[in-house]
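What follows is a single structure, written as structure tokens, with notes after it.
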Amino acid sequence: MLTDTHCHLDYNKFDPDREAVIARALESGLIRMLVPGLHHKSSRDAVQLAESNASVYAAVGFHPTDLEEFSEKTFGEVKELAKHPKVVAIGEIGIDYYWVKEKDQRALQRGVLNQQLQFAKEINKPVILHMREENDAWFGEASQDLLKILEDWQRGLQSPLADRPGVLHSFNGNLETAQKALALNFYLGITGPVTYKNADEKREMIKQLPLDRMLIETDSPFLSPVPERGKRNEPAFVHHIADKIAEIHLKSPVEIASITTANAARLFAWGD
Ligand SMILES: [Zn+2]
């Protein structure tokens, strides 16, 4: 029983065989997949995929590097989509200082993030957060800015959202950032890089994270795990991440699958 809480199945890389990709995922033991939106059009596609596939759920929102068409009108469209019963989160939203260097554009990212967090609070749905540092370091301005924004936001929430406010997707921060996010009740999403040969330091950190707050995600079509590295990633590969976490935490892959599936069900409130 596996869940992939982050796969971009709307990407054109899946145009030739999208239905086969979903079928392979189900055959390999997945019970649910969550497709996050990157902007209003991608959010529309994510909702459509969720409508036509029982095991697919959607999130809607504007990714920090996809703000060209962000406006009152397009945000309004996303807000409408968010009411759909299969939209379980607002995302992916966040901060990206790797692709965006200009100060005013970074300020815009933070402003849009705050608007989307405010909206998530209004409709009482958790958030899926993207965070990337300027130089792929584990800690820097992006972590600092994101934590500050999340602290302020989480403080204003009420239960149950305050107890399950969201996930730091494809978590690539340091242990201190992880601990601060956990203290704010956030979950942490683990992706393919945990399987990479040179990722000992990352595995050391993951060893210190509690399993009951961990999600596993492919981020398809990106970040293919070993031994599929170099290929297009797809949800059927998510078990490689479960296998690696099992190794790190001295558990069986089946245990990790069922723990992370239960975590996802709790966070996204989609039942069992
Ligand atoms: Zn993503």
(message) For segment 191-230, which positions are within 16 Å of the ligand (Cβ to nearest atom), closer than 19 Å to HIS249 by Cβ and among the polar types (S, T, N, Q)?
(response) THR191
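Before we move on, is LEU67 surrounded by 14 or more Cβ atoms within 10 Å (Cβ to Cβ), assigned to a helix (DSSP H, G or I) and of a type outside the set (Lys, Arg)?
Answer is no for this residue.
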(request) Kindly establish whether GLY61 is away from the ligand (no atom under 15 Å from the Cβ), open to solvent by less than 50 Å² (accessible area, probe 1.4 Å) and more than 14 Å from SER220 (Cα to Cα). (result) no
(request) Would you confirm whether any residue within segment 126-135 is more than 16 Å from the ligand (Cβ to nearest atom), farther than 22 Å from HIS240 by Cβ, within 16 Å of the chain's Cα centre (by Cα) and open to solvent by less than 30 Å² (accessible area, probe 1.4 Å)? (result) no
(message) Which condition from (1) within 16 Å of the ligand (Cβ to nearest atom); (2) crowded, with 20+ Cβ neighbours inside 10 Å; (3) more than 26 Å from ALA242 (Cβ to Cβ) is the one that TRP99 breaks?
(response) (2)
(request) Taking the residues in segment 1-37 that are in a loop (DSSP other than H, G, I, E, B) and within 16 Å of the ligand (Cβ to nearest atom) as candidates, determine which candidate is nearest to GLU255 (Cα to Cα). (result) THR5
(request) Please enumerate the residues belonging to segment 36-62 that are under 12 Å from the mean Cα position of the chain (by Cα), within 14 Å of ALA82 (Cβ to Cβ) and aliphatic (A, V, I, L, M). (result) ALA58, ALA59, VAL60
(request) Identify, from the list ARG18, ARG24, the residue that is closer than 18 Å to SER220 by Cβ, charged (D, E, K, R) and in contact (Cβ under 8 Å) with a residue 60 or more places away in the chain. (result) ARG24
(request) Kindly list, by first and then second residue, each pair from a residue in segment 95-117 that is on the phi < 0 side of the Ramachandran plot to a residue that is hydroxyl-bearing (Ser, Thr, Tyr) and open to solvent by 20 Å² or more (accessible area, probe 1.4 Å), limited to pairs with Cβ atoms under 6 Å and residues at least 6 apart or on different chains. (result) ASP96/THR65; TRP99/THR65
(message) Looking at ARG155, ARG132 in this structure, which one is charged (D, E, K, R) and out of contact with any Phe, Trp or Tyr (no Cβ under 6 Å at 6 or more places or on another chain)?
(response) ARG155
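The values are calculated or read from the model by the stated rules, or taken from the named source; none is laboratory data. Every value quoted in this text rests on a predicted model; they were computed, and no experiment measured them. Ideal geometry is used to build each Cβ from the backbone, glycine not excepted, and the neighbour counts take in all protein chains shown. Accessible surface is based on the protein model in full, side chains and every heavy atom, while ligands, DNA and RNA are left aside. Shrake-Rupley method; radii C 1.70, N 1.55, O 1.52, S 1.80 Å.
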